[in-house]
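Read through the structure below, which is laid out as C-alpha cells, and then see the notes.
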Amino acid sequence: MMKTYRCRNRRRCWAASMAALFAVVAAPAVQAMDFAQCVHDAQKRNPDALLAEAQAAEAKGALRSANGDLLPKVTASFSGAQSNNALTVFGMKLSQRVATFNDFGANQFNPSDPQSLYTAPNNLDHPGGYHNLGTEISLAIPIWNGGAVRSGISEAEAMLRAAQAGDRYARQKLVFTVLQAYDGLIAAKAGEEVAEKALRAADNYVKTTQQLLNQGVVVKSDLLSAQVHQEEAVLAVQQAKDNVSNARANLALLIGEPISTPIQVDAPVLPPQPAGDTYALEQEAIANNPGIRALQEKVRAAQAGIGVARAAYLPHVNAMAKQEWNGTTLGNAVPSYTVGGQISWNLLDFSRSGQMDAAQAKVQVALANLQKAQDDTRLQLQKALLATKLAAQRVKTRELAVRQSEEAQRLVRLRYQNGVETLTGLLRGQAALDQSRAELVQARYAEAVERGALLLALGKMDMQTLTGAATTGETK
C-alpha cells in the first residue's frame, strides 16, 4: 500500500511538473494590473462606456444643430437651362435684360391696320430655343417661428445634459462591474489557496494514516478513506483553478483584453462605508444619482417638446435676400437682387392637436419613468444599507469561525496521531475548516460588492471615492 501511495504521488508530481514546464514555455507574460488601471482600460475600451460616450456626442451635435436654426442660412447655386417655352424664354430674356419690342412681335404690328391687333405674334408665341446661365446667392433669415426654435434648443440642451448624466451613470456602473470582476478574481484565487491548503492536509492525512496502518493502529479502510478524501481534494483544487481562469477571463473581457491574458491583480478593493442615516443617504441618492439626473433632464426635454408642438398654432415670420446673375454666358451675366419678408400662419391643420397630445403624453411618460427610478433607488438603497451591515457582521463571524476551526482541527489532528481520534472525526474536522475558510472568502467578497452597490445607488461609484480603497486595500 505504501508503494501504491508513493507511485500515485510520483505520477501526480510528474504530471504537475510537466504541466508547469509547458505553462512556462507557452504562456504569455503575466500582466500585472491594479484596480485603477483596470477601470481606466475598461472605460477606454468597454463597449458600454463607448456607447454612452457616443450618445453624449450625438446629443452635443443635436444641440449645435438646434442652435444653428437661429442663424441665417446662405445658399449658393448655379443653374443652366435651355427651353423653347414662350413664358420661360420671355422670363430668361427679362432676367438678362435683353428683351426687345421685337420679342413682343412688334414687326408684325401695322398701326394703319386695326386688325393687326388680333394677330398672334410669332416671336412671342414661338420664340425658338433659348438658354440661360444663372448664378444665385440667397440669404434666409428666421425672425420668429412660433417659439419652435427656442423650444428646440431647450429640448436639445436638456437631452445633452441627460446624455452626459447617462454617460456618468454608465461609467459608474462599469466601475461597479469591474469591482465585481476584480475582487471576484481575488476571491477565486483565495478559494484556490483554500483548496490547495486542503489538498496539502489531505496528503498529510494519507501519509500519517499509512504510518499508523504500518504500526497496526488503524485499519486498511481508514487509509482508503484518506485516499478518497485526497482525490476529492485534488478535484476541488482543479475546480478552484477553473474558477480562477473564468474570473480572469471575465476581467480581461471587461477591460478589452483577450480572454487568455494572464492578468495578475493587486490587493482587493473594499469600498468605504458611507456615513449618515437612512433619510440623509436617501436624499443624497435622489439628488446625486446620475441615472436619476438623466431622467430629470428627459422630463425637461419632454416639456420643451410641448413648446415645439405649440409653435404650429402660431404665426411664423421670416425674411430673405437674394442676389442673381443671369446671362447666355458667364461673362455677360446681368446682376439683380430681391429682398422681402413673409408672415405665414397655418390657420387650419388637423394634425396639430395630435402632435400636441403626443408631446404632453411624452411628459407623462418621462415623469412616470422618473418616479419609478426614484422609488427603485430608495428601495435599492434600503436593501444595500441592510446588506452592508449584514455583510460586515458576516465577515467577523466567519473570521471567528476560521480561528475556532483551526484550533479545533489542531487538537483533533494531535489526538488522531496519538491513536485517540478516528479518521472520520479528523476528516469531518478538516471539512469544517475548509468550509469555514471558503465562507470567509465569499463573505469578504460579498462585503465589497454590497458596499459598491450602496455607492452606486448614491451616485458615488467613481474612482474619486474609491481612490483610498483602491490604493490602500488591505489583503485579508
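The values are calculated or read from the model by the stated rules, or taken from the named source; none is laboratory data. Just so you know, these numbers come straight off a predicted model, no measurement behind them. Using ideal geometry, Cβ is built from the backbone for each residue, glycine included, and neighbour counts are taken over all protein chains shown. The accessibility values were calculated without ligands, DNA or RNA, using every heavy atom of the protein model including side chains. Shrake-Rupley method; radii C 1.70, N 1.55, O 1.52, S 1.80 Å.
Structure notes:
- Dipole axis of the chain (+1 Lys, Arg; -1 Asp, Glu on Cβ), positive-most option in 351, 179, 365: 179
- The chain: calculated mean residue ellipticity at 222 nm from DSSP helix runs of at least 4, using -39500 (n - 2.57): -24000 deg cm²/dmol
- Accessible area per residue (1.4 Å probe, heavy atoms of protein chains only) ranks 245, 112 as 112, 245, with the largest value leading.
- Amide H partners (placed H, <5 Å) of residue 421, local residues excluded: 416
- Of the residues 345, 325, ranked by 1.4 Å probe accessible area with the largest first, the sequence reads 345, 325.
- Per-residue HN-Hα couplings for region 330-337 [Karplus 6.51, -1.76, 1.60; θ = phi - 60°; Hz; x = Gly/Pro]: 5, x, 10, 5, 9, x, 7, 9
- Simple Cβ-charge dipole of region 351-468, Lys/Arg +1 and Asp/Glu -1, about Cα centre, in debye nearest 20: 120
- Computed on region 138-243, with alpha-carbon pairs under 8 angstrom and 6+ residues apart, the relative contact order is 28 percent.
- Note that region 105-254 shows a convex hull volume over its alpha carbon atoms of 328 Å³ per residue.
- Computed from the Kirkwood radius of its Cα pairs, the Stokes-Einstein diffusion coefficient for region 96-141 at 10 °C and 1.306 mPa s stands at 119 µm²/s.
- When region 325-476 is described by a simple charge dipole with +1 on each Lys and Arg Cβ and -1 on each Asp and Glu Cβ, the residue from 337, 422, 435 located farthest towards its positive end is 422.
- Computed from backbone phi with θ = phi - 60° and the Karplus coefficients 6.51, -1.76 and 1.60, the 3J(HN,Hα) list for region 90-102 is 4, x, 4, 5, 5, 5, 8, 6, 10, 5, 10, 4, 5 Hz; x is used for glycine and proline.
- When 455, 199 are compared by accessible area at a 1.4 angstrom probe, the order from most to least is 199, 455.
- Compared with the dominant Cα axis of the chain, that is its longest principal axis, helix 148-214 is turned about 20°.
- Partner lysines for residue 93 [C-alpha distance under 30 Å; skip if fewer than 8 residues away on the same chain]: 73, 322
- Length gained when the stretch residue 336-residue 234 is fully extended (0.36 nm per residue, less Cα-Cα span): 27.2 nm
- About the Cα centre, charge dipole magnitude for the chain (Lys/Arg +1, Asp/Glu -1 at Cβ), debye: 1960
- Cross-link pairs beyond the 29 Å C-alpha cut-off, checked among 60/362; 189/389; 44/389: 44/389
- Between the Cα long axis of helix 2-26 and the first principal axis of the chain there is an angle of about 30°, rounded to the nearest 10.
- Reported value for the chain: 260 Å³ per residue, from the convex hull of its C-alpha atoms.
- Overall form of region 332-476 per C-alpha gyration tensor (a/c, 1.5; a/b vs b/c): prolate
- 29 Å Cα-Cα reach of residue 220 towards lysines, excluding residues that sit fewer than 8 places from it in its own chain: 3, 197, 207
- Distant-in-sequence amide contacts of residue 270, defined by a placed amide H-H separation under 5 Å and a gap of 5 or more residues or a different chain, comprise 474.
- Solvent-accessible area of residue 362 with every protein chain in place, 1.4 Å probe, in Å² to the nearest 10: 130
- The residue among 288, 128, 78 whose Cα reaches farthest toward the positive pole of the charge dipole of the chain, with charges on the beta-carbon of Lys, Arg, Asp and Glu, is 288.
- Rounded to the nearest 20, the Cβ-based charge dipole of region 174-227 about its Cα centre (Lys and Arg +1, Asp and Glu -1) stands at 200 debye.
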